[in-house]
Structures are given as structure tokens and as C-alpha cells.
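The values are calculated or read from the model by the stated rules, or taken from the named source; none is laboratory data. This structure is a prediction, so every number in the text was calculated from the model and none was measured. Cβ placement follows ideal geometry from the backbone for every residue including glycine, while neighbour counts extend to all protein chains displayed.
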Amino acid sequence: MNQSNLTKKQIKELYSLFELVSQRQLKDFGNISARNKSDGSLITSCDLWSDKTIVEGLSRIAPNEGVLSEEGGKLIPSSNAYWIVDPLDGTTNFAAGIPYWSISVARFVEGRPQSSFLIIPTLNKKFLSIKDKGVWLNNKKIEANQNNRKSDCVSLCSRSIKILQKNPNSIFPGKIRLLGVSSLNLTSVAMGQTFGAIESTPKIWDIAAAWLLLEELNCSIDWLDTDPLNLISGQDLSEVNFPLIAGRTIEQIKVLKPWGNLLLK
């Protein structure tokens, strides 16, 4: 099924799938140990169960559409429509007992995100983004201009914090927040909780769902190195980073641009 848009039936089934995974994650939270992967990041048995459950669910709900997932295959599928899955973005928080992580799933059509689901189990927040149609939070549509609150905060990831050391004589143009979850750093920009975010080494599964959420709420993204619009079928993304700056406006990205450029030095 390579149709452009998901059906209402598919969306309902997807919500049920993600609720199943959310409940398992909430049950395991604080009661599970983690181990290190080869890249130094953490993984738990809940990550693996969540990945397997989501991937198997997608094969039923959207047959013949490929899947790229953090804990599974990392090649760009050859199908016109495919899915990118991060079953538990924020494993370090999850394993440490910090109640802030997400389930991040996006469906791409012809190389661009067409719909995405971003679930925050502990906050009972469920975002649905659909290309050119908008964003819904817990089934209530968000208007693009309703989050124009004035924030002076900027989200950094743990690896982008090094830019402060590279430019010690300048004052950073915002109050720094480190949430420890790439997808939620970017979501904080979309929701007006921060005016910008700088991500140093996100993988495609870290950003796929939040990417569409940002676009649909009229935020901007500056890809600092690799542009994800240039992905090709069969490409291995296991070691590919997508450093970026996200901002509420292009002007705010310009404010952060000199700092983001420090990541490339």
C-alpha cells in the first residue's frame, strides 16, 4: 500500500499500537537495567521489545512499506513509502529513572516525511503531524500561531554543549536547556517552549517525527552538514549524523547560526 496518505483506519490502528508500547514502557520504567551498545549509547530489553512490536505492527497496518529502525535495519527501504522508527528516544533518561522519553515514528513518501507520531508516555501527550494538514495534540488541532510565546531558552544536546567551550569569550544568546532527548528538544521549539535547538549528532530516527512537526508549525530547520532530502534507496544510515539548528523563525536561526557552525570545526 503505497498511497500518499494514511487512512483513518490505519491511524486508529497506529494509535492502538503506540498505546500498547507506551503502557509497556511505563510498566518497565524504573524497573529495568541497561547495557551499552557498540557506539556507547544505552539499550534495554524494553527498547528491543518496543522496536520489535512496532515493526511487526507496521507490517500489519501498512503492508509492503519498508521500515528503518534504530534497533533493526538501518538501510533506506526501496519502497516508495517507508517508516522510520525510534522505539524509545531517551533511553539514558529511561534507564536513569528520569521520566522524559518518547516514541518517535514517521512515515516517509518519496523521501519526505508525510505523517509522524510522537508520543511522550509519562506526560500522556500524543502528537500527530500530517504533511500540509497540520499537527494534533491528543486529537486537538494545534494552530501554527498559538505557540508564539516569548521564550529565551535554547535546547542543546549533550554533544552540542561543547560549542560553549569553543567560544568562551562570547555570551550564548539564550538560557540553556538539556532535555536529553533529541526528538523532544526539537518538539520544545515547535511548541514555543524554546526559541531554538542545536543538535550535534542526531541520527535520522532521532529527528524524523519532529522534523514534520516543526515544518507543520511553521518553524525552520537549518541542516548544517548532511541534508536528509538527499537520501537514496539502500543507503546505510547507521553512522550518518544530521547536525542541525531548529528555530521558531529564520531570524532566530540566524542568531544561533554562528554557534551551530562551531559543531563543524
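Could you list, in sequence order, all residues of segment 1-35 that are part of a loop (DSSP other than H, G, I, E, B), touching a strand residue (DSSP E or B) at 6+ places or on another chain (Cβ under 9 Å) and at pLDDT 95 or above?
Passing the criteria: only LEU6.
How about segment 170-195: which of its residues are surrounded by fewer than 23 Cβ atoms within 10 Å (Cβ to Cβ) and aromatic (Phe, Trp, Tyr)?
Within segment 170-195, just PHE172 meets the criteria.
If TRP136 meets every condition in (1) surrounded by 11 or more Cβ atoms within 10 Å (Cβ to Cβ); (2) in contact (Cβ under 8 Å) with a residue 12 or more places away in the chain; (3) outside the structural domain of LYS254 (by TED's automatic domain parsing) apart from one, which number is that one?
(2)
Conditions: (1) in a strand (DSSP E or B); (2) among the β-branched types (Val, Ile, Thr); (3) surrounded by fewer than 18 Cβ atoms within 10 Å (Cβ to Cβ). VAL154 meets all but one. Number of the miss?
The failed condition is (3).
In segment 95-111, which residue that is at pLDDT 95 or above and not in a loop (DSSP other than H, G, I, E, B) is surrounded by the most Cβ atoms within 10 Å (Cβ to Cβ)?
Among those residues, the one meeting the criterion is SER104.
Do we find that TRP223 is aromatic (Phe, Trp, Tyr) and over 18 Å from GLN252 (Cα atoms) in this structure?
no
Out of everything in segment 36-82 that is in a strand (DSSP E or B) and modelled with pLDDT of 95 or more, what residue ends up being surrounded by the fewest Cβ atoms within 10 Å (Cβ to Cβ)?
Here the residue is LEU75.
Is it fair to say ALA144 is surrounded by fewer than 22 Cβ atoms within 10 Å (Cβ to Cβ), among the aliphatic types (A, V, I, L, M), more than 21 Å from VAL21 (Cβ to Cβ) and at pLDDT below 95?
Spelling it out, ALA144 is indeed surrounded by fewer than 22 Cβ atoms within 10 Å (Cβ to Cβ), among the aliphatic types (A, V, I, L, M), more than 21 Å from VAL21 (Cβ to Cβ) and at pLDDT below 95.
For segment 101-125, give me the residue count where each residue is in contact with a Leu (Cβ under 8 Å, 6 or more places away or on another chain) and farther than 19 Å from ILE61 by Cα.
8
If I filter segment 27-34 for residues that are surrounded by 14 or more Cβ atoms within 10 Å (Cβ to Cβ) and in contact with a Pro (Cβ under 8 Å, 6 or more places away or on another chain), do I get at least one hit?
yes
Which of the residues that make up segment 11-35 are in contact (Cβ under 8 Å) with a residue 12 or more places away in the chain and among the hydroxyl-bearing types (Ser, Thr, Tyr)?
TYR15, SER22, SER33
Run down ILE198, ILE232, ILE207, ILE250 and say which single residue is crowded, with 17+ Cβ neighbours inside 10 Å and closer than 24 Å to LYS131 by Cβ.
Just one listed residue meets the conditions, ILE207.
Yes/no matrix, rows are residues, columns are (1) over 17 Å from LYS9 (Cα atoms); (2) touching a helix residue (DSSP H, G or I) at 6+ places or on another chain (Cβ under 8 Å); (3) not small (Gly, Ala, Ser):
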{"site": "VAL55", "(1), (2), (3)": "yes, no, yes"}
{"site": "ALA62", "(1), (2), (3)": "no, yes, no"}
{"site": "GLU70", "(1), (2), (3)": "yes, yes, yes"}
{"site": "SER78", "(1), (2), (3)": "yes, no, no"}
